[in-house]
Amino acid sequence: MSTPRTRRVLTAILAVVTCLALAAAAFASDGETAAVSSLHATFWALVPPIVAIVLALITKEAYSSLFIGILVGALFQCNFAPVATLDTIVNDGLVSAIEGNAGIFLFLVLLGIIVALVNASGGSAAFGRWAEKNIRTRVGAMLATFALGVLIFIDDYFNCLTVGSVMRPVTDGHRISRPKLAYLIDATAAPVCMIAPVSSWAAAVSGVAADLDTGVSGIELFIRAIPYNFYSLLTFVFIIGLAVMKFDYGPMKLHEMNAQLKGQLGALENSETSEGSPKGRVMDLLIPVVILFVLCTVGMIYVGGFFGVDAWGGTDCAGDFIGAFGNTDAFIGLPWGGLVSLVLIVIYLVARRVLTFKEAMACVPKGFIAMVPPITILTLAVSLKSMTSALGADIFVEGVMRGASSFLYAMLPAVIFLVACLLAFASGTSWGTFGILIPIVVAVFEPSSPLLTIGISACLAGAVCGDHCSPISDTTIMASAGAQCDHVTHVSTQLPYAITVAGVSFVCFLFAGFIQNAVICLVLGAALTIGVLLAIRMLTERKSGR
């Protein structure tokens, strides 16, 4: 187990090595860099995210770990030229990350303000009191969180932040730790979006597969792949099994024990804990959430051209709900819905006289401050992804995949799953992962082969799994923000759970390559998941002497 002293020593060693590399580069280079890095499209393209992830897990600190990963990636990209490295970090990394994600940053701020408003109105506290009377057990609270996460399938960002703000009072009341809440949110965000035909994720997959020679439309290919998406489906089995069996393992066990025995939930210092207005009622939480859900959905289909207004030059999708989702841009649609929702929620709460207009406006800076940590981490994570992409990680992975396809044909779905897991884990993006791998999968398998559907499923499942595990994943960051939990703690506590489901999913894809029957493989996978949970519970009880 690492101690604070060990972490400080490792960090100091890495800092010294980095300084030496910069000093050596200063003498070795005139400040100019070659057009293409000498490390382009090699294994070294995956080293920067690996450095960031390892450092984050060792030091338990995300900001410096991500920045060092960005620095390593920029050095590789610029052949260790110091001036070009600095320019790459600032322009190609941080500035581009802020520009490209301005829409989601705006949505985060708007959602932070709405959460602050609901808390100040007393709606969250009222819902907590209601839940304490009607959701009487810890198992019920966990299953209720899971159910709400499954119901909000439109978009993973919206899922994470909405489920977090609604269920925090419930889980806090039952002494469920914030890391456990963050896991429940994260495990029902990307996985449910990846098996929902009407979601931003379905639209993204359909868009990637639209112009490929598969013999079917992109959305039909997505729907066919759902029964074989073992990671997403077995994650649900795992959550229900873990809740019903009433145990935890790995780092999560300590956090849950602290929450139950000492009341230490593991919340961030700036978590909103105010009781708010004594006039608050449950409807002061539910009505804002419904407003937000409806208007964000309307915003996304509006941007997609559902109402015949398509100012973004996309496809004409007037009256086509699914087509509008395929044509939408969540980075525009979510802020659109969030802004209109904020105005209506302020009007509603002021009209209800649970808040004055001045008190409502005081929530604006509170909401912004609450979202500064996830915005900062998201900026650094996206910058790191840019470094990895510029180094040609996708080209390297494509070469590995094509080399394996010639002699592992029936086992290829399992191989695709592993490759997608590793790529999404290292890059922190499931959309980028299936964007890279889907064309390769289509090229490897015949359009008429059942293995094409299984291969696509393996690609999507692996992308979700890697995204779920990665500290630099957008969805993982959003889950931490939704639970108001330390980000690195969330990653380290959920990793054993995600790896357990990933192992079972890998076995299922091995079977699927030969059996090619989704029902049989799912039954085997569910049985194996429950069996593994029972075995782990027996081992943990034996270790604790129970």
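All conditions but one from (1) under 30 Å from Thr328 (Cβ atoms); (2) modelled with pLDDT under 85 apply to Thr3; the one that does not is (1). Here Leu143 meets each of (1) at pLDDT 80 or above; (2) assigned to a helix (DSSP H, G or I); (3) buried (at least 19 other Cβ atoms within 10 Å of the Cβ) with one exception, condition (3). Condition check for Ala45 on (1) open to solvent by 60 Å² or more (accessible area, probe 1.4 Å); (2) modelled with pLDDT of 60 or more; (3) under 30 Å from Gly399 (Cβ atoms): one failure, at (1). Taken as a whole, the condition of being modelled with pLDDT of 85 or more and either assigned to a loop (DSSP other than H, G, I, E, B) or acidic (Asp, Glu) (or both) applies to Arg175.
Flag: Ala120 does not match the condition of being touching a Ser or Thr at 6+ places or on another chain (Cβ under 6 Å) and of a type outside the set (Asp, Glu). For segment 529-542, the candidate set comprises residues that are under 19 Å from Tyr183 (Cα atoms) and open to solvent by 50 Å² or more (accessible area, probe 1.4 Å); within that set, the residue that is modelled with the highest pLDDT is Ile530.
Residues in segment 116-137: is at least one closer than 15 Å to Leu181 by Cβ, part of a helix (DSSP H, G or I), open to solvent by less than 20 Å² (accessible area, probe 1.4 Å) and modelled with pLDDT of 80 or more? No, segment 116-137 contains no residue that is closer than 15 Å to Leu181 by Cβ, part of a helix (DSSP H, G or I), open to solvent by less than 20 Å² (accessible area, probe 1.4 Å) and modelled with pLDDT of 80 or more. In segment 100-112, what count of residues is obtained for those that are open to solvent by 20 Å² or more (accessible area, probe 1.4 Å) and at pLDDT 85 or above? Residues in segment 100-112 being open to solvent by 20 Å² or more (accessible area, probe 1.4 Å) and at pLDDT 85 or above: 2 in total. Residues that are in contact with a Cys (Cβ under 8 Å, 6 or more places away or on another chain) and modelled with pLDDT of 80 or more do occur in segment 69-86, at least one of them. Here is the figure for segment 80-99: residues that are open to solvent by 50 Å² or more (accessible area, probe 1.4 Å) and more than 24 Å from the chain's Cα centre (by Cα) total 6. Residues that are open to solvent by less than 60 Å² (accessible area, probe 1.4 Å) and assigned to a helix (DSSP H, G or I) within segment 341-363 comprise Ser341, Leu342, Ile345, Val346, Tyr348, Leu349, Val350, Ala360, Ala362, Cys363, listed in sequence order.
The values are calculated or read from the model by the stated rules, or taken from the named source; none is laboratory data. Since this is a predicted model, take the numbers as computed values, not measurements. Quick reminder, even Gly has a Cβ in these numbers, built from the backbone with ideal geometry, and neighbours come from all protein chains shown. Please note that ligands, DNA and RNA were not included when accessible areas were found on the heavy atoms of the full protein model with its side chains. Shrake-Rupley method; radii C 1.70, N 1.55, O 1.52, S 1.80 Å.
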